[in-house]
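Everything below concerns the one structure shown next.
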Amino acid sequence: MKPVTKATRRSRIAITLFALAIVLLPITGLTGLDALGELKGSASVYVLLLVLVAMCFYGRLASVILPRVLLVFIALLTTWIVVDAALNIELIATAALGVRSGGGKFLTSSMVIGFGVAVSIVAAHILGDRHCVQTAFLRPLSWGVLLCAVFAVPELLTWVSPAMTPVYQATTALFHTVETEQGRVIGRLTSITFEAPDLAYFTAMALPWLLLGSRLTFARIGEHGRALAHAASVAGLVLLLLSQSRTGFLMLATIVAAETTFWVGLRRLRLPAASISIALAACIVCYVFFISHWISTISATAVANEDVSTITRSALLTAQLSIFAEHPFIGVGFGQYGFYVPDVLPSWAWSSYEIERFFETQGEFPASFNVFGRIGAELGMPGLLIWFGFWITVVHRVAASASSLPDRSFALYVNLAILSSTLTLLVGGISTDAFRRPETWILIAIVSLYAGRSGTRQESV
């Protein structure tokens, strides 16, 4: 038995805090500290900051060895953000919206990226150990989903009986400290997340890893681990369906498509990796053309149905596409797209109270509900190539190794989870800004560590 040294105890503290941050991932409705900007509503952010402080204090970050694909991605993304800012320095220096300035927004947005990069580095250090993938990620993720399920019960009861409203209000106040709940409606579950789309995004992102936990624990961890993984998988699926999120349903369909592609296309038919990568790139291009040509039809339907959420997202995406069309090569600078939105918003956008709140009622800076639109508007074509290039590389690595991975191995199942979660994240980006979600940066670390990796030991799980 290995002696418990100071270094071991410090590592355990960091790992425990990291696991706690995973459990808290779905809590996204906090008022939080204004100093954290876009990150302030996420409970896991505060715990991850403690992890970062602990790692820096104990000198652990300096010893982290990053996977090459992660190192290249971080270097390309951060370098282009700086170069792009230099090219757009005049626009950034003069941009203003209410009390927000271009320089201030660039700084706060850069802090978000800096935080995300730091989280990826820490996650790469902690999750490089296969055992820690189970204990510090898969198991806490299961508890996070079950936490959502427990606190969803009072909300579900209010759908049946208004008499349960006080109970729901008491429990939801533990996790929702923002001032307004205007977007909450009966029939769309939110649980401990900020809104229904957040719940759908979290559960859809978690499902591939919950399935991995089920496959691993089935033969290795025993009845307790098996019951936890299976219960979380079922709960995650039910929560996603009850959120009634269209993007969530699309993400669920993507998981099914990824499982089919992996088992049939890559394992049985042994399709070449290049064909999968080309197909993914083609899907991305088709998505851009589809959105560009059909967004007016989608928005017209949303206006007719008074679908505020869709109106808001369609309006801001329309604005992002307009900005990208005017600045296709270098965008307008990182974090800057919101300053240009009022000039390019379509007339129908003002039928959304959220748009009015952004620009008239409360003077808030407009959120970004589409990571692709944001990258295109702010970082131009190079930014899109860096973002999509990373994920296409991940998919290519998984596809290239899939046919040779040993049956019932950790490597086999983790590569399947990587394929599913990668495609799910890309689809979820349709209505979510992935940059401000901690799970995005944790996923970036995991896929960098394990995509295409067969492992040194071909032991079954």
Quiz item: Across the stretch 51-83, which residue is modelled with the lowest pLDDT among those that are under 23 Å from the mean Cα position of the chain (by Cα) and outside any helix (DSSP H, G or I)?
Solution: LEU66
Exercise. Go through the stretch 88-100 residue by residue and tally those that are under 13 Å from GLY333 (Cα atoms) and buried (at least 16 other Cβ atoms within 10 Å of the Cβ).
Key: 4
Quiz item: Among the numbered criteria (1) open to solvent by less than 60 Å² (accessible area, probe 1.4 Å); (2) at pLDDT below 90; (3) at negative phi, which single criterion is violated by GLU223?
Solution: (1)
Quiz item: Are there any pairs, at least 6 apart or on different chains, whose C-beta atoms fall under 6 Å, with the first in the stretch 258-275 and more than 18 Å from ALA411 (Cα to Cα) and the second outside any loop (DSSP other than H, G, I, E, B) and open to solvent by less than 50 Å² (accessible area, probe 1.4 Å), and if so, which?
Solution: LEU271/GLY265
Quiz prompt | Hits in the stretch 340-371 - residues which are among the hydrophobic types (A, V, I, L, M, F, W, C), closer than 25 Å to GLU195 by Cβ, touching a helix residue (DSSP H, G or I) at 6+ places or on another chain (Cβ under 7 Å) and open to solvent by 10 Å² or more (accessible area, probe 1.4 Å) | solution = LEU345, TRP348, TRP350, PHE359, PHE365, PHE369
Practice problem: Considering each residue of the stretch 28-41, count those that are under 20 Å from VAL145 (Cβ atoms) and either in a helix (DSSP H, G or I) or open to solvent by 10 Å² or more (accessible area, probe 1.4 Å) (or both), and give that number. | Solution: 3
Self-check item: Qualifying position, being in a helix (DSSP H, G or I), closer than 26 Å to LEU49 by Cβ, open to solvent by 40 Å² or more (accessible area, probe 1.4 Å) and of a type outside the set (Lys, Arg), among PHE137, PHE151, PHE115
Solution: PHE151
Self-check item: Hits in the stretch 386-430 (condition: in contact with a Lys or Arg (Cβ under 9 Å, 6 or more places away or on another chain), open to solvent by less than 10 Å² (accessible area, probe 1.4 Å) and among the β-branched types (Val, Ile, Thr))
Solution: VAL414, ILE418
Quiz item: Would you pick out the residues in the stretch 189-204 that are within 16 Å of TYR168 (Cβ to Cβ), surrounded by 24 or more Cβ atoms within 10 Å (Cβ to Cβ) and of a type outside the set (A, V, I, L, M, F, W, C)?
Solution: THR190, SER191, THR193
Quiz prompt | Exclusive hit being modelled with pLDDT of 85 or more, more than 20 Å from the chain's Cα centre (by Cα) and either β-branched (Val, Ile, Thr) or part of a loop (DSSP other than H, G, I, E, B) (or both), set VAL185, VAL238, VAL264, VAL178 | solution = VAL264
Practice problem: Name the residue, out of LEU385, LEU426, that is within 26 Å of TYR337 (Cα to Cα) and without any contact (Cβ under 8 Å) to a residue 24 or more places away in the chain. | Solution: LEU385
Practice problem: Would you check if there is a residue in the stretch 96-104 being part of a helix (DSSP H, G or I) and either at pLDDT 95 or above or among the β-branched types (Val, Ile, Thr) (or both)? | Solution: no
Self-check item: Test for GLY103: is it without any contact (Cβ under 8 Å) to a residue 24 or more places away in the chain, open to solvent by 10 Å² or more (accessible area, probe 1.4 Å) and either closer than 27 Å to GLU326 by Cβ or under 20 Å from the mean Cα position of the chain (by Cα) (or both)
Solution: yes
Self-check item: Hits in the stretch 431-447 - residues which are farther than 11 Å from TYR201 by Cα and open to solvent by 10 Å² or more (accessible area, probe 1.4 Å)
Solution: ARG436
Quiz item: Quick check: anything in the stretch 100-111 touching a His at 6+ places or on another chain (Cβ under 8 Å) and closer than 30 Å to GLY144 by Cα?
Solution: no
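The values are calculated or read from the model by the stated rules, or taken from the named source; none is laboratory data. Predicted model, so just to flag it, every value in this text is computed and none were measured. All Cβ positions, even for glycine, are placed from backbone atoms using ideal geometry, and neighbour counts span all protein chains on display. Side chains are part of the model used for accessible areas, which takes the heavy atoms of the whole protein and leaves out ligands, DNA and RNA. Shrake-Rupley method; radii C 1.70, N 1.55, O 1.52, S 1.80 Å.
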